[in-house]
Structure formats: C-alpha cells, structure tokens
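Okay, so here's the structure we're looking at.
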Amino acid sequence: MPIIHEVATMTSKGQITLPKTIRQALGAGVGFKVAFELHEDGQIVVSRANVEHEDPAIGAFLDLLASDIRAGRHVQAIPDDLARDMLEHACRTRQRAT
C-alpha cells in the first residue's frame, strides 16, 4: 500500500507536472533533477537524481569539457593549483549540502 498516491496527466510534449505532495516528499524545487527507473515488472520508481556536482559553475565547466572531448578538441591539463582549488570548493559545497 503506497504512502502517497497521485495522478499526473501527460501533455502532448510528453511532459508531466509532479504533484505537490510528491515534490514536497522529494524536496524538489526549480532545477531539481529527478531519476526514473523502469523495473521488469512494469513498476516505475521516481527518486532524487544523484547529481554529481551541485555547483552550477562546476556543472557548466564539466558540460563544456565533455562537449570539447566529444568534438575531438584538444583538452589541455589545467594547472595543479586550479585543480586543487576546484576540488576544495567542491568539497565545501558538498559539506554545506549535507
């Protein structure tokens, strides 16, 4: 027996609005990432997506880096001090999020 049962309607673009009770249960807000899992028995599980980097600047940098790699552009190593600063910032951001 589910704790919450809600129904959402899909638009012609395949979009749905998560019902308020579900958004509240997930702690979802603007820009929140949602993961969907389809199991063999047809059950679908919706959960918080494990976002690798919550800092938008780091996420944008990684997206840019990934597109350069896909495009075959030469990616140079970043200076050690910059890499160290980025890692320290990511650790501080994670600590604040928990």
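Considering every pair of different Cα atoms, what Kirkwood radius, in Å, is found for the chain?
Working: mean 1/r = 0.0585 Å⁻¹.
The Cα-based Kirkwood calculation yields 17.1 Å.
Using only the alpha-carbon atoms, how far is helix 56-70 inclined from the longest principal axis of the chain? Give it as 0 to 90 degrees, nearest 10.
Taking the Cα atoms of the chain, the angle to 56-70 is about 80 degrees.
For the chain, find the longest principal axis of its Cα atoms and tell me its angle to the long axis of helix 80-97, 0 to 90°, nearest 10.
Taking Cα atoms only, the helix is inclined about 30 degrees.
Tell me the mean residue ellipticity at 222 nm calculated for the chain from its helices only (DSSP H runs of n ≥ 4, each -39500 (n - 2.57), averaged over every residue, nearest 500).
Numbers: 3 runs with 40 residues, N = 98.
-13000 deg cm²/dmol, from helical runs alone.
Rule-based calculations on the coordinates, nothing more; no lab input. Here the structure is a predicted model, which is why all the values come from computation and not from measurement.
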